[in-house]
Structures are given as C-alpha cells and as structure tokens.
1. Given (1) modelled with pLDDT under 85; (2) touching a helix residue (DSSP H, G or I) at 6+ places or on another chain (Cβ under 7 Å); (3) under 16 Å from THR259 (Cα atoms), identify the lone condition not met by ALA177.
2. Please work out which residue is least open to solvent (accessible area, probe 1.4 Å), limiting yourself to the stretch 24-36 and to residues that are of a type outside the set (A, V, I, L, M, F, W, C) and over 16 Å from LEU125 (Cβ atoms).
3. Give the residues of the stretch 19-60 that are assigned to a helix (DSSP H, G or I) and β-branched (Val, Ile, Thr), sorted by residue number.
4. Kindly check whether there is at least one residue in the stretch 277-289 that is open to solvent by 10 Å² or more (accessible area, probe 1.4 Å), in contact with a Phe, Trp or Tyr (Cβ under 7 Å, 6 or more places away or on another chain) and either part of a loop (DSSP other than H, G, I, E, B) or modelled with pLDDT of 85 or more (or both).
5. Looking at the stretch 294-313, is at least one residue out of contact with any Asp or Glu (no Cβ under 8 Å at 6 or more places or on another chain), modelled with pLDDT of 90 or more, closer than 24 Å to GLU234 by Cα and open to solvent by 30 Å² or more (accessible area, probe 1.4 Å)?
6. Just need a number here: residues in the stretch 216-243 that are assigned to a strand (DSSP E or B) and over 18 Å from ALA265 (Cβ atoms).
7. Given the residues ALA85, ALA66, ALA113, ALA91, which is the only one that is part of a helix (DSSP H, G or I), open to solvent by less than 20 Å² (accessible area, probe 1.4 Å) and at pLDDT below 85?
Amino acid sequence: MRLLPPNRDHGWVPYLWLVYLSSLFTHPIIDHVRWTEWAAVFGSIAVFLVLYFSFFWIKPPKNLWAIAGILLLGMGMAPFNSGAAAFFIYAASFAPFTVETEITALCLIVVIAITGAAETWLLHLGWGFGLWATVMSLLVGGGNIFFAQRNRVNCRLRMANDEIAHLAKVAERERIARDLHDVLGQAEIADVEQTSRQALAEVRSTIRGYRACSLGEELKQAKAMLETAGVTVEAEATEVSLSPAQESVVAMVVREAVTNVVRHANARNCHLRLVPVDGTCLLEVLDDGQGGNHIEGNGMRGMRERIEALGGTIARDTGTGTRLTIQFPLIPVKATGNL
C-alpha cells in the first residue's frame, strides 16, 4: 500500500486506499457477532476516517498525532476484531511522510511493529493478527520510506525551478532597466550636465529599489539559490569598500552569473570569490559545469558595459567549466560612455 505525501492535491487517490478497511468486516460477518460489536466496528471506522483525512490536510510534523491515534485505535480494537491489524499497517505507511529523515521513519515503523507483536503475545491474538500487524507493517512502512524521500527530492526541485523562474524575471527586469538607463544617458549634454546627472541618479535609485538588494544580501541569496538547485557552494568574501554605484554593479553581476550557473552550467560545485587585490576589487565565479560557447549574449554584454564603465575588465573562460573574472579599481574613476 503506497500512500501519497501530505500537502499535495491527491484527488481521488486517498479514497482508493480505504478499501483495506474491509478487513474489519470479516470477523463480524463470519462469527455473526452481536450488534454491540457491529457498533464498535462502525464507530472505530468513523474515528479512523477523521484521523485518516487529517493526515492529508495537516502539515507535518503536526499530523504525527494522527498516526498515534490510528495506532491506539488498532490496539483498542485488536482484542475484539483481528481486522484491526489494518490500523497498524496504516500507521506504519504514514510514518515516512511525517518525519524528515529515513532513520527516524524506520525507528517509528519499528516501534509500531513491536507494539503489534507485543499485543499479539500478551493477549494471545493468534499468528494471523501478529503477521499482519508486524511483518506487513514493516514491509509497507519500509517501502514507503523510498517514496517519501523521492517526494521530498521532487519538492526541492520544484522549489529550485520556482526560484529559477523568479531569477529569470529579475534578469528581464535588469535588461529593461539597463535599456532605460541607456536611453536616459543619451540626454546628457554639456549645457545641462548637472541637471541630467541628477535626473539619472533618481531614475537609477528607483530602478535599484525595484530590482536589487545590498551586495551582502545578494551574496546570501546567490548561495541559497545554488544550494537549492543542488550545487555545492564555496564562498570566499572579504569586506571591500565600494561606492553605491560599484556595489550595485557587483550585485548585478553576481546575480546574473549565478543565474547562468543554475540555468545552463549543469554544475555540481561553484566557487564565489570577492576580495580586494592591489587597490582593485576582484570577483570570480567558477563552476565545474559543462562550459559553453564564446558567443556573448545580452546578459554578458550588459555586465561588460557596466564593468568597463567602472574602468574595469571582465573575462569569461569556458575551457573547463566556466570562470567569470571581474576586476575594477576601488578608487572611483570618472564615468565614461553612457553610465
């Protein structure tokens, strides 16, 4: 019996697994029990249904109480109905989807199986009940450990894809902001230089407020995004005194470079390095991915324009993986071009 993990759109599937409750009717039908035992059967099923669907509706680990309730229900019904072994199996099958690690799930399943074995021995419930309450609980619960882990991996992949989609939108906003910056930059003329520069500064400030955060925050987000995508990150960052304009450019470069690693590099490891070197700021982004061609796209051209406007250089080596190296002087230089 394979049950779906909680917090998903299960559709009709949870209803399918209720067929295992039919085992509770075997004993009353064969032995022609009294109405009180029938009432106990229907009452236990009603309680079980509440616990069962609560498991799907409530996020883990808060739904752990549903497993405990189902186990107690099985222990209470076992002396009167051998079909109560199904409750032990349900509890074991839910366990891997409630806890975070395989070891914890296995321990919880073993506790459930031991409980079934102990009750079988103490109350002399017979080998049939003991087989289902112990062996089947171990088999079903152990099998679900694999499915639970796979679902967690899929969940992390969905989160990574959502983050990539978000970063793609951010990159598009960067390009729009850069185009706007270029158009406004053409308005700079000698007669109104001061006024134009003030207007440009206000526009850039507005754009940065819409699309960017501080360099420190950008580095943290870059590391988190790489780790979410399954890339091992090694970061080396030394405090560098940057002007607001320089910090904005470096933050943009980090964001663009990390986005390229996640979307195109297929890398397992990435090294980020930001250090001062002989009066310059050095930024390196190195991955061990598949590298790429030397055609310069819009993102690379935008980075090059901004770094060169700071008086710096940018180099991209795709021989083994990809190494992006940016270096510019820390001493402010007079801007040229359309920055």
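1. (3)
2. My answer is PRO28.
3. Within the stretch 19-60, VAL19, THR26, ILE29, ILE30, THR36, VAL41, ILE45, VAL47, VAL50 meet the criteria.
4. Within the stretch 277-289, one or more residues are open to solvent by 10 Å² or more (accessible area, probe 1.4 Å), in contact with a Phe, Trp or Tyr (Cβ under 7 Å, 6 or more places away or on another chain) and either part of a loop (DSSP other than H, G, I, E, B) or modelled with pLDDT of 85 or more (or both).
5. Yes.
6. Qualifying residue count, the stretch 216-243: 2.
7. Within the list ALA85, ALA66, ALA113, ALA91, the selection yields ALA66.
The values are calculated or read from the model by the stated rules, or taken from the named source; none is laboratory data. Treat the numbers as computed from the prediction; the structure is a model and nothing was measured. Backbone-built Cβ (ideal geometry, glycine too); neighbour counts: all protein chains shown. Only protein heavy atoms, including side chains, enter the accessible area calculation; ligands, DNA and RNA are left aside. Shrake-Rupley method; radii C 1.70, N 1.55, O 1.52, S 1.80 Å.
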